[in-house]
1. I'd like the full set of residues that are in contact with an Asp or Glu (Cβ under 8 Å, 6 or more places away or on another chain) and assigned to a loop (DSSP other than H, G, I, E, B), limited to the range 301-324.
2. Just to be sure, is residue 315 without any contact (Cβ under 8 Å) to a residue 12 or more places away in the chain and acidic (Asp, Glu)?
3. Within the range 272-281, is even one residue of a type in the set (Asp, Glu), touching a residue at least 40 places away in the same chain (Cβ under 8 Å) and open to solvent by less than 60 Å² (accessible area, probe 1.4 Å)?
4. State which residue is nearest to the chain's Cα centre (by Cα) when the search covers only the range 50-65 and only residues that are surrounded by fewer than 19 Cβ atoms within 10 Å (Cβ to Cβ) and either under 29 Å from residue 242 (Cα atoms) or of a type outside the set (Lys, Arg) (or both).
5. State which residue is least open to solvent (accessible area, probe 1.4 Å) when the search covers only the range 304-329 and only residues that are more than 14 Å from residue 40 (Cβ to Cβ) and in contact with a Phe, Trp or Tyr (Cβ under 9 Å, 6 or more places away or on another chain).
6. Take the residues in the range 343-364 that are in a strand (DSSP E or B) and surrounded by fewer than 18 Cβ atoms within 10 Å (Cβ to Cβ), then tell me which one is modelled with the lowest pLDDT.
7. Here is a list: 289, 340. Which entry is loosely packed, with under 14 Cβ neighbours inside 10 Å, among the small types (Gly, Ala, Ser) and touching a residue at least 12 places away in the same chain (Cβ under 8 Å)?
8. Quick one: is residue 111 touching a residue at least 24 places away in the same chain (Cβ under 8 Å), touching a strand residue (DSSP E or B) at 6+ places or on another chain (Cβ under 7 Å) and not β-branched (Val, Ile, Thr)?
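The values are calculated or read from the model by the stated rules, or taken from the named source; none is laboratory data. Since this is a predicted model, take the numbers as computed values, not measurements. Counting neighbours? That spans all protein chains shown, and the Cβs are built from the backbone with ideal geometry, glycine included. Protein only, heavy atoms only, side chains kept; ligands, DNA and RNA dropped before computing areas. Shrake-Rupley method; radii C 1.70, N 1.55, O 1.52, S 1.80 Å.
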Amino acid sequence: MKRVFRWILVILLVAGVLATFFFLWKRQQPKPVTYEIHRVERGDLQKSTIVTGKVEPRDEVAIKAQIQGIVAALYKEAGQSVKKGEAIAKIKVVPDMQALSAAESRLRLAEVNLNNIKTVFTRDSALYARRVIAQEEYQKSELQYMQAKEELQISQDNLSIVREGVTAATKESGNTIVRSDITGTILEIPVKVGNSVQSVGAFSEGTTIATVADMSDMLFVGKMDETEVGKLHEGMQMDLIIGALNDHRFTATLEYISPKGTESNGAMMFQIKGAARIPDSIQIRSGYSANAEIVLESRKQVLTLAEAAVHINADSSYVELATDSTAQEVTERKVVTGMSDGIKIEIVSGLEEGDIVRGNQKMN
């Protein structure tokens, strides 16, 4: 029995040694070399670029105060619609004391002057009725009386403007009522009731009461690098992807390319604008970030090949044309290439549809 176990142990030991030698021999054997195989096919190619930017309304108007004073009332809020000429706010005038004093003094003088001339005119009217004075002298007195009345009216209007910013005849259309210049949506009202405002003048841009924009006419505004801007032209179509609305894609038409670039991080960037077509059912807010995909070049139904299979040698290109399906045997073939989309490249000449080309070696 012991001899049987001894022989079994010897056999197992010999088998283990043989298995180890076989494993080591197997590892030292050269592995078969395999390659990627690419086929020349007919298809479409498209080269595009992505431009980052934002969407904003084409017409955005800052409504400025036309007189100096204090905001007395606000009739609208940000986000509400407004029509052209509709009231947004009311400004209460804070009169300048020197101007107020001068206007009151002018009114008093006009009243005194009118009373004096009125007395003279009344007397001359009675004398002219009795034919005591000539018609010419009567007409002169009448003219002075009419001028005095006009001066009184002007003085009253001047005092009203200094006190309230409007006259009695222009209360509904005066500068104290701030009205919208366009029909649209109020984007912002940066002032509150009680805030002081400055009027538009030679040395002041004036206080912005509200910002109004037509949200039905939106633009995509972005910047493009100088290396690609030369391939653009007005009228090109763009696909818009708005960050806040990932489920929706919109189209736009390129309508403006800046003639002057600005330097940014060492590169020259040119501003572009495109008219966005957005359905009325979708609400867009001014300033949404967006990406625009612009097709720079395209080819329809041309011969294509994986770009990785094309080798560049100096100023020429060649491929390794396979003579069998395994691509173990190949011949070099010069080719003329066209546009590339980064994955596939156009084959202008040198290959036929269906040809097999050897690519990179596979990693075993």
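1. The one that is in contact with an Asp or Glu (Cβ under 8 Å, 6 or more places away or on another chain) and assigned to a loop (DSSP other than H, G, I, E, B): 323.
2. Working: without any contact (Cβ under 8 Å) to a residue 12 or more places away in the chain: yes; acidic (Asp, Glu): yes.
In short, yes.
3. At the first step, the residues of the range 272-281 found to be of a type in the set (Asp, Glu) are 280.
Subset that is touching a residue at least 40 places away in the same chain (Cβ under 8 Å): 280.
Checking the rest, the ones that are also open to solvent by less than 60 Å² (accessible area, probe 1.4 Å) come to none.
For the range 272-281, residues of a type in the set (Asp, Glu), touching a residue at least 40 places away in the same chain (Cβ under 8 Å) and open to solvent by less than 60 Å² (accessible area, probe 1.4 Å): absent.
4. As a first pass, look at the range 50-65 and keep what is surrounded by fewer than 19 Cβ atoms within 10 Å (Cβ to Cβ): 50, 52, 54, 58-62, 64.
After this cut, where a residue has to be either under 29 Å from residue 242 (Cα atoms) or of a type outside the set (Lys, Arg) (or both) as well, the list is 50, 52, 54, 58-62.
Working: 50: 15, 52: 10, 54: 4, 58: 8, 59: 11, 60: 11, 61: 15, 62: 17 Å.
Checked the range 50-65; the qualifying residue nearest to the chain's Cα centre (by Cα) is 54.
5. 311
6. Kept after step one, since they are in a strand (DSSP E or B), are these residues of the range 343-364: 344-349, 356-361.
Checking the rest, the ones that are also surrounded by fewer than 18 Cβ atoms within 10 Å (Cβ to Cβ) come to 348-349, 360-361.
Values: 348: 88, 349: 87, 360: 79, 361: 75.
Among residues in the range 343-364 that are in a strand (DSSP E or B) and surrounded by fewer than 18 Cβ atoms within 10 Å (Cβ to Cβ), the one modelled with the lowest pLDDT is 361.
7. Details: 340 fails: loosely packed, with under 14 Cβ neighbours inside 10 Å.
Result: 289 is the single residue among 289, 340 that is loosely packed, with under 14 Cβ neighbours inside 10 Å, among the small types (Gly, Ala, Ser) and touching a residue at least 12 places away in the same chain (Cβ under 8 Å).
8. Values: touching a residue at least 24 places away in the same chain (Cβ under 8 Å): yes; touching a strand residue (DSSP E or B) at 6+ places or on another chain (Cβ under 7 Å): no; not β-branched (Val, Ile, Thr): yes.
The answer is no for residue 111.
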